[in-house]
1. Could you tell me which residue of region 95-122 is modelled with the highest pLDDT, considering only residues that are surrounded by fewer than 17 Cβ atoms within 10 Å (Cβ to Cβ) and under 17 Å from the mean Cα position of the chain (by Cα)?
2. I need a count of the residues in region 203-240 that are surrounded by 12 or more Cβ atoms within 10 Å (Cβ to Cβ) and within 30 Å of E264 (Cβ to Cβ).
3. Please count how many residues of region 354-408 are buried (at least 22 other Cβ atoms within 10 Å of the Cβ) and acidic (D, E).
4. Would region 123-130 turn up any residue that is more than 27 Å from the chain's Cα centre (by Cα), without any contact (Cβ under 8 Å) to a residue 60 or more places away in the chain and within 29 Å of R265 (Cβ to Cβ)?
5. Given the options S421, S383, S413, name the one that is touching a Ser or Thr at 6+ places or on another chain (Cβ under 6 Å) and either closer than 26 Å to L86 by Cβ or not assigned by TED's automatic domain parsing to the domain that holds I85 (or both).
6. Any residue in region 370-399 that is within 15 Å of D356 (Cα to Cα) and acidic (D, E) sitting within a Cβ distance under 7 Å of a residue that is modelled with pLDDT of 95 or more and in a loop (DSSP other than H, G, I, E, B)? List the pairs, counting only those 6 or more apart or interchain.
7. Can you find a residue in region 178-190 that is within 28 Å of S412 (Cα to Cα) and out of contact with any Asp or Glu (no Cβ under 7 Å at 6 or more places or on another chain)?
8. Checking V339 against (1) surrounded by 20 or more Cβ atoms within 10 Å (Cβ to Cβ); (2) closer than 18 Å to I414 by Cβ: exactly one of these is not met. Which one?
Amino acid sequence: MNSGSSTIAFVVAVILAWFGFASRKPEAIRPAGVAVIEALGGSNDALKQYEEQQKKERESLDEFRTTAPYREARSIAIDPAYGKILGFCSLGEGRLAAVTGQADAYGAVIDTHDPATVGNRLVWLSAAGREERSVPLDFSPRAVNPGPDGSLWVVGGSNVAHFAADGEKLAAADAPHFTLAPEGREEFVEEVKTRHVAEIESYKQSMKMQEEMVAELEGKKEGDPGYQPKEMVELYKQSCESMKTHVESRQNMTDEQVVDEAIERVRQIHRVAVTAEHVFLVTNQDVGHGFAIWRCTSDLAEPVRIVEGLAGCCGQMDVQAVEGGLAIAENSRHHVRLVDFDGEPIREFGKTSMADITKGFGGCCNPMNTCLDGDGCLLTSESNGLVKRYSLDGEFKEVVGVADVQAGCKNSSIGMSADGSHLYYLDVQKGTVVVLEKAG
């Protein structure tokens, strides 16, 4: 592949990544991947290799749907007047707790509802999926997890709320992890402004590369190295316009708007995990990209950042409490990271594996979520519906089941009933929970 084709290939990948994010269409992931392979010098061998990997993955998933120990049986849904299920966790005796509301998670299909009819709620569900009770939430929820005492912790936006098992609200806090002290404000503001300028310059460089690439592609004929069909060139042009509009809007922001945006961003809470003594919150980094984990006391005081620099895609970063520490599904690095309750490393396991789904984690960013089973093993979920079992030492045990969901970077929460008879998987596109039953 010559240098010109290499440059085109790189820029095509950047454009497709940008356009896929801007359009938020996970169904476009596979065609985009094919287009990138085609752009790599127009190599038929490269395209065949990519297609073969995809074929093997699909065949493996289809096989495990009928041979894995857990098979899809039904799904749990709520009254659509209350929106959709946005997250859930497993409780005892096959029961679930779910948070509901307008489906705004990445990868979800957002329906148009009258906001007055869309309910932000915490809901207790029976093993059959029937609502036992619910309590309203005064914020849009993102995740829920139980404490050791059976109480429930809900997070969303910058909010944390704690509920007893009977629905009584025990506590609530707004961004308990983040306080911008006066003595640190000046440094924070300067770093935010500096990063904002650097971000715009980076976008401008990408725009220039895109525009040059589009101009070069328009001059190519079928059969030329790096040739792209007319419809793909039009897609790249749309991407250029989308990025141009985005950059212009970023450039027009005032310093106050830039700082306010940064503060609001770092206040956001993505996930919660709970032990008898502590509450752990997944948040955005103070400045820049990535995620951090904060540890608070059980009364949401004394916040300490124990992990930072976590790499996750599309706002997804899951953490769960396990024996002796935390399991972090660091999806953009294709591994599970185990740390103790002070954030000190214990071990990591996992690697990228596009074809053999038993050898690692596939896609752009997996595993998405984890949970414990009744035997103390760790279950991992991938965005294509695949669920696997590992020991906490990182030893692969088995493929547990495959939920029939649309692939694409998204919240893929999982749970298992206490007796091990049922496996649950969040279908964020449909706003339901897929139920897989143990065969035999």
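1. My answer is D104.
2. Count: 8.
3. 1
4. Checking region 123-130: not a single residue is more than 27 Å from the chain's Cα centre (by Cα), without any contact (Cβ under 8 Å) to a residue 60 or more places away in the chain and within 29 Å of R265 (Cβ to Cβ).
5. Step by step, each of S421, S383, S413 is checked, and only S383 is touching a Ser or Thr at 6+ places or on another chain (Cβ under 6 Å) and either closer than 26 Å to L86 by Cβ or not assigned by TED's automatic domain parsing to the domain that holds I85 (or both).
6. Every condition considered, the pairs that remain are E382/N366; E382/P367; E382/M368; E382/S412.
7. yes
8. So the condition that V339 fails would be (2).
The values are calculated or read from the model by the stated rules, or taken from the named source; none is laboratory data. As the structure is a prediction and not an experimental result, all values here were calculated from the model. Cβ sites come from the backbone with ideal geometry, for glycine too, and all protein chains shown count toward neighbours.
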